[in-house]
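FYI, it's all coordinate maths here, none of it is from the lab. What you see is a predicted model, and the numbers here were worked out from it, not measured in a lab. Cβ placement follows ideal geometry from the backbone for every residue including glycine, while neighbour counts extend to all protein chains displayed.
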Amino acid sequence: MPIDLNSIGREAGPTEVSWTSRDAMLYAIGVGAGQDDALAELGFTTENTEGIPLSMLPTYAVVIVQNAVAARPAFGEIDRTKLVHAEQGFVLHRPLPVEGRARVTGKVVAIHDKGSGALVAMQSEAVDAITGELLATTSSSVFIRGEGGFGGERGGSAPSRIPQRAPDFERVVATRADQALLYRLSGDRNPLHSDPAFAARGGFTRPILHGMCTYGITGRILLNAFCDANPARLRSMQGRFTRPVLPGDTLKVQAWKEADGIRFRTLAEDGQPVIDQGLAGVAS
């Protein structure tokens, strides 16, 4: 069965997701916190350090939504080996608690015909299960190779967010050879990131790193660089996944201070973007 064009507007949920301080620390380590200096980010990696309270990384908002499996609207029985994450964004309405429960709902908002494949755009909301307050709104899209050509709207292309000048900030960061094995413990058990045979069926020479892990690594670096590691100051973040990353690859995060926020991109070892057209909203 091909992609289901009637799924546009389809909703799923609400379904409840919970997390604990252990999840907060495991996620932080999964996106590289403490990797270069074990004592540098104790506010995200430990719960009992004197004078340093534990905080949740803002990018965990996308994990809350992703772990709400029952809140993912169906859009057809497609070949999952042909599916890749294309875009991801979130807006935080208040800082995420270290421990909590949320009710998550999801909706298919558009399906675009890109010729070689289909781009499915979705939006989700996470509401505090106790207070009813809106925690986060996320937007995402997935690209499914071979599902295009159905005659639908192609969808517009946003203008480049990357300034044509040298970056105001640049940092090189290494990923671990076992980064995907560590990150998957936060909930994303897609075998594309761990099973060589499954990855081969998708056309990859070996399992690739979760795009959401690269996204989390990038968000953590931006948080430390532009928000003084204060999670309450990173209000939003969006970007486009352009190329896969292999565990063990070295990345380079570049960022520019602009009037509307922090423009950013993350480059692979060869200088090509793996996350592009990034924009992060930062509070003063």
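A few comments on the model shown:
- Charge dipole (the stretch 83-223, unit charges on Cβ, about Cα centre) - positive-most of 126, 155, 179: 179
- For the stretch 180-197, Karplus couplings with θ = phi - 60° (6.51, -1.76, 1.60), whole Hz, Gly/Pro x: 5, 5, 6, 5, 4, 5, 7, x, 8, 9, 3, x, 4, 9, 8, 9, x, 5
- Set of lysines with alpha-carbon distance to residue 82 below 23 Å, sequence-local pairs under 8 removed: 107, 114
- Of 48, 230, 67, the one that fluctuates the most in a GNM where the chain has Cα springs shorter than 10 Å: 48
- Max mean-square fluctuation residue, GNM over the chain, Cα-Cα springs under 10 Å, options 229, 40, 121: 40
- Structure-based [θ]222 nm, the chain - -39500 (n - 2.57) summed over DSSP H runs of at least 4, per residue, nearest 500: -4500 deg cm²/dmol
- Each residue of the stretch 261-278 was assigned a 3J(HN,Hα) from its phi angle through the Karplus expression (A = 6.51, B = -1.76, C = 1.60, θ = phi - 60°), giving x, 9, 7, 8, 8, 10, 10, 7, 4, 8, x, 8, x, 10, 10, 10, 6, x Hz with x at Gly and Pro.
- A quarter of the convex hull surface defined by the alpha-carbon atoms of the chain gives 14.9 nm² as the mean projection.
- Helix 21-30 axis, angle to the chain major axis (alpha carbon atoms, nearest 10°): 80 degrees
- Gaussian network model of the chain, Cα within-10 Å springs - most flexible of 250, 59, 20: 20
- Relative to the longest principal axis of the Cα atoms of the chain, helix 211-226 runs at roughly 40 degrees.
- Leading residue at positive end of dipole, the chain (Cβ point charges), from 71, 278, 169: 278
- Less than 5 angstrom separates the built amide H of residue 251 from those of 173, 174, 175, all sequence-distant by 5 or more or on a different chain.
- The stretch 232-284 and the stretch 5-25 have Cα centres separated by 24 Å.
- Summary of the geometry: the stretch 36-67 and the stretch 207-228, compared by the centres of their Cα atoms, lie 13 Å apart.
- Cβ-placed point charges (K, R +1; D, E -1), dipole of the stretch 1-127 about Cα centre in debye, nearest 20: 460 debye
- Remark on residue 235: its backbone amide H falls under 5 Å from those of 281, 282, 283, a criterion applied only to residues 5 or more positions apart or on other chains, H modelled at 1.01 Å from N.
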